[in-house]
Amino acid sequence: MDAAGTAMSQATTDRSPSSQPQGAPRRPRHWMRLDSPVCWSLVGTVALIVLSFWSLDLQLGRVLSVESLGRMGKFLGELMSPNLEPVFLSKLLQASLDTLAMSAVGTLLAAIFGLLLAVPASRSYAGDPARWRFLTRLVLNALRAIPELVWAALLLISAGLGPFAGTLALGLHTTGVLGRLFAESIENAPQHAASALRVQGIGEGRVFLYATLPTVSPQLMSYSLYRWENNIRAAAVLGVVGGGGLGQMLSFHMGLFQMQETSSILAAMILLVILVDTLSYFARRLLSR
Amino acid sequence: MTTGPVSIAVIKDPALRDPAWTRRVFWFVVGCVLLWPALVSTEFRPWVFFETENLKVTTRFLAEFFPPALNPEFLELVAREAWRTVAIATAGTFLALVLAIPLTLLSTTVLSVSSLSGRMHALPFVIRQLIRWLLILLRSVPELIWALVFVRVVGLGPAAGVLAIALTYAGMLGKVYGEILESGEREPATALLRNGAGRMQTFFFSILPCNAKELTSYTIYRWECAIRASTVLGFVGAGGLGQQMDNSMRMFNGSEVATMLIVFILLVGLADLLSTWMRRALQ
């Protein structure tokens with residue numbers, strides 16, 4: 001980060017001296033002055049980095065030692081011979097499909113509950129009292145602040161091991177994310193149709209269903225699809241704490257030091273992620289054309 | 001009332017019938033058919049929550065959330081682990097930066113001398129493409145998986161977390177830095193290169209000043225993400241708040257979990273504020 005910090009300083013130094021008359025005593029440059037926020041950010045950043053390395057006592061020398069690198073090499077070597085038996089591959093395919101299903105159901109739940117929470121969380125017109133806005137936003141923020149994996153670990157206690165806990169965990173975190181995004185887009189939606197209905201004396205519920213929702217629904221759709229893409233990636237690893245899918249398989253086989261299986265599962269994960277990335281890249285290009 | 005509710009009787013009027021009705025029903029049915037196998041394979045059974053056995057465990061666990069554990073020794077432990085989480089994120093982001101900068105310099109097309117006169121030569125093109133693939137590979141493996149691998153290789157502890165964040169984030173930073181450089185102004189760089197400036201000179205005197213704000217802003221944003229990630233990495237044994245949370249959850253200690261969740265939310269909120277403030281200061 002401090003390299004980027006110096007980068008930042010480069011940008012400001014280039015600009016400041018030009019305005020000064022020749023021969024005048026050189027004032028300290030802008031970013032170096034003690035009252036400049038950039039200076040303090042820079043000092044703070046460097047201090048944070050130094051303190052981090054000092055307090056963690058990483059012993060990177062030991063980590064990067066010949067012995068440790070040898071172990072790494074051996075580990076990678078073992079990963080080079082994946083298990084390709086048809087029986088195992090079909091299990092792997094099933095786990096990948098589970099992962100996909102988890103992400104799809106989780107995102108769908110999140111879209112539904114996100115929309116339900118987004119309505120009270122948004123001030124839909126200028127004079128809207130929006131009594132529940134603060135409270136629902138608080139709930140959405142709390143849902144969003146806790147990562148999927150922590151939700152999954154919490155849910156394991158009440159839902160047990162398996163994909164259901166993982167799905168709900170994805171759903172809870174994504175509800176927070178989508179609810180917030182949905183509320184923003186409802187608040188920023190063009191008001192023409194809604195106010196046309198509103199001046200006719202139509203109730204808020206129907207104004208939302210017949211004017212606001214159709215106006216914002218393409219945006220809501222694209223947010224949901226974007227989160228789905230993220231959730232496929234998240235679902236793949238969620239299982240590591242016991243939430244089903246590819247992750248659970250990985251932690252099982254890795255725990256037993258079955259390197260061939262581990263290697264196939266890792267390959268499947270990477271393939272899944274790359275597949276999703278490529279599909280969404282082409283989908284976006286197709287849509288923006 | 002001319003604008004009253006549309007009653008069922010009125011819908012018989014063909015002019016008021018929903019023209020998209022059949023389409024809506026069709027897509028609804030298709031959606032349900034697709035959803036069914038997904039619900040089966042995710043073992044979607046919400047009623048497990050209400051089985052007496054589960055309900056008892058859950059209520060006991062949740063009842064312990066209040067009051068959160070506040071005894072001084074525990075708070076000290078949480079403070080230490082929270083700092084470690086921040087430290088892992090910071091060290092990881094810093095190492096990622098150290099890795100990402102040379103990779104970006106090697107892979108960006110802005111610094112290509114041969115492409116100044118028509119097409120890029122074959123060898124530089126292949127090298128750039130290889131580095132791009134390396135970046136894709138680095139970021140395709142989620143940080144949690146890197147952490148699992150490193151825990152195996154270097155043992156439990158913060159080193160695994162730092163290395164995991166460093167590798168994944170190097171891939172992300174490298175890719176986004178490349179995009180920022182290539183979407184920014186290219187003319188100053190081209191002008192310098194055409195006049196015989198070296199690549200490093202071009203970088204420091206035209207590309208970096210042009211894009212510094214955007215690059216810094218993205219790096220700070222990534223640091224914020226790294227704090228979230230480093231908590232999660234603790235769950236596989238990479239140290240920090242996550243590892244403590246995992247321990248307390250295994251012991252069903254609700255009050256400790258509650259304290260740590262609160263600390264975690266505050267920590268993420270603080271990082272969010274700091275990052276927003278720093279990025280705004282850059283504008």
request  = Give A:170, A:154 a once-over and let me know the one that is part of a helix (DSSP H, G or I), in contact (Cβ under 8 Å) with a residue 24 or more places away in the chain and either over 27 Å from residue B:43 (Cβ atoms) or not polar (S, T, N, Q) (or both).
outcome  = A:170
inquiry  = Looking at the stretch B:189-201, can you tell me whether even one residue there is assigned to a helix (DSSP H, G or I), within 11 Å of chain A (Cβ to nearest Cβ) and touching a residue at least 12 places away in the same chain (Cβ under 8 Å)?
reply    = no
ask   = Can you name the residue in the stretch B:116-141 that is among the polar types (S, T, N, Q) and surrounded by fewer than 16 Cβ atoms within 10 Å (Cβ to Cβ) and is also farthest from the other protein chains (Cβ to nearest Cβ) among such residues?
value = B:117
key: Residues of the stretch B:28-39 that turn out to be within 8 Å of chain A (Cβ to nearest Cβ) and either exposed (fewer than 15 other Cβ atoms within 10 Å of the Cβ) or within 18 Å of residue A:162 (Cβ to Cβ) (or both), as a count   = 3
message = Can you say whether residue B:259 is farther than 20 Å from residue B:174 by Cα and at pLDDT 90 or above, as far as the supplied structure shows?
response = yes
message = Of all residues being within 11 Å of another protein chain (Cβ to nearest Cβ) and farther than 21 Å from residue A:270 by Cβ in the stretch B:156-173, which is modelled with the highest pLDDT? Just the residue, please.
response = B:162
request  = Answer yes or no as to whether residue B:219 is outside any loop (DSSP other than H, G, I, E, B), at pLDDT 90 or above and more than 10 Å from chain A (Cβ to nearest Cβ).
outcome  = no
All positions within the stretch B:41-81 that are within 8 Å of another protein chain (Cβ to nearest Cβ), crowded, with 16+ Cβ neighbours inside 10 Å, in a helix (DSSP H, G or I) and of a type outside the set (A, V, I, L, M) = B:41, B:54, B:58, B:61
ask   = residue B:257: under 30 Å from residue A:46 (Cβ atoms), assigned to a helix (DSSP H, G or I) and of a type in the set (Val, Ile, Thr), yes or no?
value = no
Checking residue B:212 against (1) closer than 30 Å to residue B:146 by Cα; (2) surrounded by fewer than 19 Cβ atoms within 10 Å (Cβ to Cβ); (3) without any contact (Cβ under 8 Å) to a residue 12 or more places away in the chain, the condition it does not meet = (2)
query = Can you name the condition, by its number, that residue B:113 falls short on among (1) within 27 Å of residue A:233 (Cα to Cα); (2) more than 9 Å from chain A (Cβ to nearest Cβ)?
reply = (1)
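The values are calculated or read from the model by the stated rules, or taken from the named source; none is laboratory data. Quick caveat: nothing in here was measured; it's all calculated off a predicted structure. Glycine gets a Cβ as well: all are built from the backbone with ideal geometry, and neighbour counts include every protein chain shown.
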